[in-house]
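Engineer: Please see the structure below; I have some questions.
The values are calculated or read from the model by the stated rules, or taken from the named source; none is laboratory data. This structure is a prediction, so every number in the text was calculated from the model and none was measured. Cβ atoms come from the backbone with ideal geometry, glycine included; neighbour counts cover every protein chain shown. Keep in mind that these areas ignore ligands, DNA and RNA; they rest on the heavy atoms of the full protein, side chains included. Shrake-Rupley method; radii C 1.70, N 1.55, O 1.52, S 1.80 Å.
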Amino acid sequence: QQTREDASRQLEQAQQTNYPAYVVMLCQELSNEQTETFIRNSAGLALKNSLVSSEASRRNEITQRWLNMDEATRQQIKQAVLSTLASSDQRAAATAAQVVSAIAAIELPSGQWTDLMKNLLENVTTTDNSQLKIATLTAIGFVCESIDSDILAAQSGAILTAVVSGARKEEPNQEVRKAAIDALYNSLEFIRENFDREGERNYIMQVVCEATQSADVNVQVAAFECLVRIMQIYYDKMRFYMEKALFGLTVLGMKHEDERVALQAVEFWSTVCDEELELIGEAAEAQETGEQPDRLSHNFAKAALPEILPVLLWLLTKQEEEADEDDWNVSMAAGTCLALLAQCVEDAVVAPVIPFVENHIRNNDWRFREAAVMAFGSILEGPEHKLLANLVNQALPVLIDMMRDPSPQVKDTTAWTLGRVSELLIECIKPDVHLHPLITALVYGLKDSPRIVSNCCWALMSLSDQFGSKETSQPTYHLSAYFEGVITALLETTERSTNESNSRTSAYECISILVQGAALDCFPTIQKLTFTILDRLDATISAQNQIVGGDERLAHSELQSNLCSVLT
């Protein structure tokens, strides 16, 4: 630690004392083929870090410091960094790509380093050196990612030539193809003019579609990521390609054995639904004002429904036993896509999904039970309420019962689905029939694992939002009989030592929402609750001096703000 701090101090001092000498020294280390990899890498990163900052004021200062250096020194550094792209040391070449991008981000907006793209293009199109191609394409990708698209639009031709040349199926080295497709992904924003020209657009789409069929899975993943971005930016131009290729390629991609490919193929259809939902919104706004919408939906989601829906339902059953809630896996992606699809195609989604739910909700395998509940919960927004009402009425007793399922994954999804019913279809919850078993099941869930607690809190909040009294003078309401019991159970939940899965925060938030919607006959409970919260706030103030470490301080501040929210 001491050695490291001394070294950092010396480097900082060198940077402050004589910046030109400092960057020349770092550049010499980065470009020196005799130096060890880790030293070249450290030198390159220090050089890059001296050229970038996330703070705007500091960025201006760094830009001026670089531009104030004499032309010869800057030229020397740029030349050395460009030549390092050809290094046989892959890490040094990759670090040089970052430095090229950092210098370009300063010089290109100022109208300098005008021959950069020409030099990079030559590296890709006139050499058989695969390492040089990979490092150059990586540099192009970084430049495209970090520089405003307006500045690069004038160079779009050169950039496109370089990346498409590396991405073609004729390129024998798959790492080169991967780097080229990554660079293409980053350049999609500013090649609009090229994309407007049918011939160029056809060629770009052909190259990307062919890359989805590469023998190298990394290239396939990058190509599908590219298609997702293309659909986001150029939806209006996709009709021809959907009919010819994309439809079939993405349905196949969703069935791919490698989850990374399947995830991107599912993301493609989520993006289609996102775009079409936005267009549905625009059309509704235009109709209100009596105008024609600027853009029209091609209804890709509706056309693809018979093909993609069975695959999504199958993917829902691919859960992982010990999945971390922060991990994004293919069954989660399929659930998200199904929910978007339901909003997009509305009633058409119901008939094909219900048999899947009915066939699997009692399955012995927890994966199929969980998938059935997830499918049901995912289609509750979009279709007409009257179409769903009867189904929800039949499902409610089953779902309430499933809050005692032996599988934590099934309980977690069931709590989420009950929350969706409470939020979206409250008219299906009959207070005299459903409220007692429903609230009993949700309160029971508060004793479970943190993820299940968070979803139970959300379901209780939805109930309170829907049944809560709109006037403070309302004498009683549907939740009055349960109010004290629910508040007591939530307070017990907040006494847990950790806030895993946001469970403690969710419980406090739920208490706040219940208090907000409470009727007059709940006020005695609220009075007792106020004393409890004040006592807890007092305790947190007394404990303030015993806190050690940033994480503990953060948790302490969060607890105090939760308590203040309830009092508010």
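Engineer: Just to check your reading of the model, which residue among 40, 4, 9 is at negative phi, of a type in the set (Lys, Arg), in a helix (DSSP H, G or I) and touching a helix residue (DSSP H, G or I) at 6+ places or on another chain (Cβ under 9 Å)?
Structural biologist: Answer to the check: 40.
Engineer: Across the range 181-209, what is the number of residues that are surrounded by fewer than 17 Cβ atoms within 10 Å (Cβ to Cβ) and either in contact with a His (Cβ under 6 Å, 6 or more places away or on another chain) or closer than 13 Å to residue 168 by Cβ (or both)?
Structural biologist: Looking only at that region, the number is 2.
Engineer: Which condition number does residue 463 fail, the rest of (1) in contact with a Pro (Cβ under 9 Å, 6 or more places away or on another chain); (2) farther than 30 Å from residue 322 by Cβ being met?
Structural biologist: (1) is the only condition that residue 463 fails.
Engineer: Could you please give the count of residues in the range 448-487 that are in a helix (DSSP H, G or I), at pLDDT below 95 and out of contact with any helix residue (DSSP H, G or I) (no Cβ under 6 Å at 6 or more places or on another chain)?
Structural biologist: Qualifying residue count, the range 448-487: 2.
Engineer: Collect the residues in the range 13-32 that are open to solvent by 90 Å² or more (accessible area, probe 1.4 Å) and under 27 Å from residue 90 (Cα atoms), keeping them in residue-number order.
Structural biologist: Once the filter is applied, which keeps residues that are open to solvent by 90 Å² or more (accessible area, probe 1.4 Å) and under 27 Å from residue 90 (Cα atoms), the range 13-32 yields only 28.
Engineer: Okay, moving on. Six or more apart or on different chains, Cβ atoms under 8 Å: show the pairs whose first residue is in the range 325-344 and within 20 Å of residue 261 (Cβ to Cβ) and whose second is among the hydroxyl-bearing types (Ser, Thr, Tyr) and not in a helix (DSSP H, G or I).
Structural biologist: 331/317
Engineer: Can you tell me which residues in the range 513-533 are of a type in the set (A, V, I, L, M), over 16 Å from residue 495 (Cβ atoms) and out of contact with any Asp or Glu (no Cβ under 8 Å at 6 or more places or on another chain)?
Structural biologist: 514, 515, 518, 519, 520, 526
Engineer: Could I ask something else about it? Scan the range 329-337 and give yes if some residue there is open to solvent by 10 Å² or more (accessible area, probe 1.4 Å) and under 20 Å from residue 235 (Cβ atoms), otherwise no.
Structural biologist: yes
Engineer: Restricting attention to the range 500-515, does a residue exist that is open to solvent by 60 Å² or more (accessible area, probe 1.4 Å), in contact with a helix residue (DSSP H, G or I) (Cβ under 6 Å, 6 or more places away or on another chain), under 29 Å from residue 429 (Cβ atoms) and at pLDDT below 95?
Structural biologist: Yes: one or more hits.
Engineer: Go through the range 257-313 and give me each residue that's open to solvent by 80 Å² or more (accessible area, probe 1.4 Å), without any contact (Cβ under 8 Å) to a residue 12 or more places away in the chain and over 21 Å from residue 224 (Cα atoms).
Structural biologist: Within the range 257-313, 278, 285, 287, 288, 289, 291, 292 meet the criteria.
Engineer: I've got another one for you. Just the residues that are open to solvent by 20 Å² or more (accessible area, probe 1.4 Å) and over 21 Å from residue 153 (Cβ atoms), please, taken from the range 222-240.
Structural biologist: If the condition is that a residue be open to solvent by 20 Å² or more (accessible area, probe 1.4 Å) and over 21 Å from residue 153 (Cβ atoms), then 225, 239, 240 are the ones that fit.
Engineer: Further, regarding this structure: With the range 185-261 as the region, which helices (runs of 4 or more DSSP H) entirely inside it contain at least 3 residues that are of a type outside the set (D, E, K, R)?
Structural biologist: On the way: elements: 192-196, 198-211, 217-234, 247-254.
Because the criterion is at least 3 residues that are of a type outside the set (D, E, K, R), the helices (runs of 4 or more DSSP H) in the range 185-261 that meet it are 198-211, 217-234, 247-254.
Engineer: Something else about it: If residue 42 satisfies every condition in (1) open to solvent by 60 Å² or more (accessible area, probe 1.4 Å); (2) at pLDDT below 95 but one, which is the exception?
Structural biologist: If we test residue 42 against (1) open to solvent by 60 Å² or more (accessible area, probe 1.4 Å); (2) at pLDDT below 95, just (2) comes out false.
Engineer: Considering (1) of a type outside the set (Asp, Glu); (2) closer than 22 Å to residue 394 by Cβ; (3) open to solvent by less than 50 Å² (accessible area, probe 1.4 Å), say which one residue 437 fails and leave the rest.
Structural biologist: Only one criterion in (1) of a type outside the set (Asp, Glu); (2) closer than 22 Å to residue 394 by Cβ; (3) open to solvent by less than 50 Å² (accessible area, probe 1.4 Å) is unmet by residue 437, namely (3).
Engineer: Exactly one condition in (1) in a helix (DSSP H, G or I); (2) open to solvent by 50 Å² or more (accessible area, probe 1.4 Å) is not met by residue 324; state its number.
Structural biologist: Unmet condition: (1).
Engineer: Could you check the range 369-389 and list, in sequence order, the residues that are more than 21 Å from residue 267 (Cα to Cα) and open to solvent by 60 Å² or more (accessible area, probe 1.4 Å)?
Structural biologist: 384, 385, 386, 387
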